Amino acid sequence: MQTALADFIRDTPEGREADAILRKCVHCGFCTATCPTYLLLGDENDGPRGRIYLMKQALEGHEITDKTRLHLDRCLTCRACETTCPSGVQYGRLLDIGRKLVEEKTTRPAEESVKRRVLAEVLPRRFLFAPLLRLGRLARPFLPPALAEKVPASVRAAGKWPAPRHARKMLALAGCVQPSISPDINAAAARVLDRIGISLVEARGAGCCGALRFHLNYQERGLGDMRALIDRWWPHIEAGAEALVMTASGCGVTVKEYGHLLRHDPRYAEKAARISAMTRDICEVVEAESPLLEPLFVKKGGRIAFHPPCTLQHGQNIKGVTERLLARAGCELTAVPDAHLCCGSAGTYSILQPELAGRLKANKLAALASGEPEQIATANIGCLAHLQSGTSLPVKHWIVALEERLN
Ligand code: SF4
Ligand code: SF4
């Protein structure tokens with residue numbers, strides 16, 4: 001595609017990156033076939049090709065309207081379009097640049113701005129989110145249904161975290177909302193790795209990976225969260241931690257991009273690149289060690305439907321690994337149609353775009369239930385909480401399901 005970026009952005013790092021991405025797009029439209037919002041709404045501007053065109057116009061200096069922002073807001077950032085595109089268009093990177101520009105050039109209605117601000121202030125701060133969640137659970141019976149469904153009815157106990165005893169050490173990211181909603185996930189990961197000779201530890205004070213604020217378009221604050229996390233992790237890396245283990249694929253995709261996001265920061269570029277290179281999703285770590293783990297499985301079966309989060313299958317391009325591990329542990333994986341489509345969780349999307357998110361959740365739950373599983377497993381806390389709010393089937397992280405099959 002030919003481009004003529006406006007003077008205000010052409011010679012900036014963002015302008016150069018956006019230009020290179022736009023030029024790769026041949027406007028073929030293959031990506032529209034796998035875009036969840038296009039499939040729901042049938043509007044070209046709610047598909048990747050249309051959104052790319054809207055961002056191109058914005059970058060070329062045309063008028064940016066509330067309608068431009070609406071179509072970008074409706075994008076899930078699921079990146080299904082990226083894994084479909086035959087030309088290698090990095091839609092996610094273009095969207096970061098496009099959204100920042102559109103945010104700067106338009107004004108949101110006050111109610112929308114307040115909502116986004118509250119999410120950006122509360123969710124990344126565990127000391128605010130945890131008591132609010134506890135309060136929400138107490139008040140759940142009295143909340144309006146739309147709000148009540150956002151509050152998990154119960155929280156699975158974490159269980160014991162094994163004391164570090166192995167020479168091999170890896171760092172886990174505690175994250176922001178995960179320890180309050182599902183503290184069992186990292187504890188289960190620590191116990192599984194402990195069985196195969198790896199001690200998993202969490203760095204004190206290490207919280208949000210920065211994705212939350214970054215994707216709410218507080219990009220500078222998101223980058224600040226990333227720098228703060230690097231500072232917390234760095235002493236552990238210098239002390240010999242061999243990998244950074246992500247149990248939330250949404251955080252994983254972001255930390256794997258730290259090197260890119262902080263590449264122009266002279267103080268952090270090198271550290272960020274090293275951290276991205278050391279980052280592994282928990283399924284990558286377990287798969288690498290699976291010969292040690294396999295003799296420990298009691299193959300007791302059980303039908304599981306696995307939902308691969310977009311941040312795992314499209315963002316990190318990890319496909320089939322978790323499914324293989326669950327199958328080796330004796331689980332019977334049920335067939336799930338349209339597994340490439342987003343469940344509608346998408347970070348704060350389910351709160352900001354409840355109507356679309358609700359339709360995507362209903363479609364996803366119907367697909368997951370179609371093989372009559374006994375439980376649903378996934379790999380990201382957002383998907384887990386979103387899906388659990390719409391089904392009576394237990395929805396858990398796959399590492400928790402895997403641990404249940406260890407002797
Ligand atoms: S993003 Fe890729 S698939 Fe979509 S229109 Fe452009 S070249 Fe085609
Ligand atoms: S990221 Fe997902 S929702 Fe957004 S344009 Fe691509 S496929 Fe569609």
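The values are calculated or read from the model by the stated rules, or taken from the named source; none is laboratory data. A quick note: this is a predicted structure, and the numbers were derived from the prediction, not measured. Please note: Cβ atoms are built from the backbone with ideal geometry, for glycine as well, and neighbour counts cover all protein chains shown. To get the accessible areas, we keep the full protein, side chains included, count just its heavy atoms, and leave off ligands, DNA and RNA. Shrake-Rupley method; radii C 1.70, N 1.55, O 1.52, S 1.80 Å.
Those helices (runs of 4 or more DSSP H) of region 179-289 in which 2 or more residues are open to solvent by 20 Å² or more (accessible area, probe 1.4 Å), over 29 Å from D96 (Cα atoms) and at pLDDT 95 or above occupy 184-195, 219-238, 282-288. For the condition closer than 23 Å to V253 by Cβ, away from ligand 1 (no atom under 11 Å from the Cβ) and open to solvent by less than 20 Å² (accessible area, probe 1.4 Å), C25 does not qualify.
Yes/no matrix, rows are residues, columns are (1) under 30 Å from K150 (Cβ atoms); (2) among the polar types (S, T, N, Q):
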site: R165; (1), (2): no, no
site: A174; (1), (2): yes, no
site: R195; (1), (2): no, no
site: C208; (1), (2): yes, no
site: A211; (1), (2): yes, no
site: Q219; (1), (2): yes, yes
site: R232; (1), (2): yes, no
site: T254; (1), (2): yes, yes
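The combined condition, being within 19 Å of the chain's Cα centre (by Cα) and either more than 16 Å from ligand 1 (Cβ to nearest atom) or at pLDDT 95 or above (or both), is not fulfilled by L101. Here T83 meets the list (1) part of a helix (DSSP H, G or I); (2) of a type in the set (S, T, N, Q); (3) more than 10 Å from ligand 2 (Cβ to nearest atom) almost entirely, failing just condition (3).
For first residues located in region 86-100 and free of Cβ contacts under 8 Å to residues at least 60 places away in the same chain, partners that are within 11 Å of ligand 2 (Cβ to nearest atom) and in a loop (DSSP other than H, G, I, E, B) and lie 6+ apart or on another chain with Cβ distances below 8 Å form the pairs L95/C75; L95/T77.
Evaluation of A174 against the conditions (1) open to solvent by less than 30 Å² (accessible area, probe 1.4 Å); (2) without any contact (Cβ under 8 Å) to a residue 60 or more places away in the chain; (3) over 20 Å from I282 (Cα atoms); (4) of a type in the set (A, V, I, L, M, F, W, C) shows that the sole unmet condition is (3).
Of all positions in region 8-17, none carries a residue that is closer than 22 Å to L70 by Cβ, out of contact with any strand residue (DSSP E or B) (no Cβ under 6 Å at 6 or more places or on another chain), within 16 Å of ligand 1 (Cβ to nearest atom) and in a helix (DSSP H, G or I). Does L128 satisfy the condition of being open to solvent by 60 Å² or more (accessible area, probe 1.4 Å) and either within 16 Å of ligand 2 (Cβ to nearest atom) or under 22 Å from the mean Cα position of the chain (by Cα) (or both)? Yes. Scanning region 10-22 for residues that are open to solvent by 20 Å² or more (accessible area, probe 1.4 Å) and either of a type in the set (D, E, K, R) or out of contact with any His (no Cβ under 8 Å at 6 or more places or on another chain) (or both) yields R10, D11, T12, E14, R16, E17, D19, A20.
Of everything in region 36-52 that is within 9 Å of ligand 1 (Cβ to nearest atom) and not aliphatic (A, V, I, L, M), the residue that is surrounded by the most Cβ atoms within 10 Å (Cβ to Cβ) is P48. For region 105-121, the candidate set comprises residues that are surrounded by 15 or more Cβ atoms within 10 Å (Cβ to Cβ) and out of contact with any Asp or Glu (no Cβ under 9 Å at 6 or more places or on another chain); within that set, the residue that is farthest from G207 (Cα to Cα) is K115. Scanning region 366-395 for residues that are crowded, with 21+ Cβ neighbours inside 10 Å and either among the charged types (D, E, K, R) or free of Cβ contacts under 8 Å to residues at least 60 places away in the same chain (or both) yields H386, V395. The conditions of being open to solvent by 50 Å² or more (accessible area, probe 1.4 Å) and over 29 Å from L39 (Cβ atoms) are not met by R93. Scanning region 65-81 for residues that are under 17 Å from R99 (Cα atoms), touching a residue at least 60 places away in the same chain (Cβ under 8 Å) and within 15 Å of ligand 1 (Cβ to nearest atom) turns up T77, C78, R79.
Quick one: which of L72, L94 is within 22 Å of E355 (Cα to Cα) and within 14 Å of ligand 2 (Cβ to nearest atom)?
Details: L94 fails: within 22 Å of E355 (Cα to Cα).
Unique residue meeting the criteria: L72.
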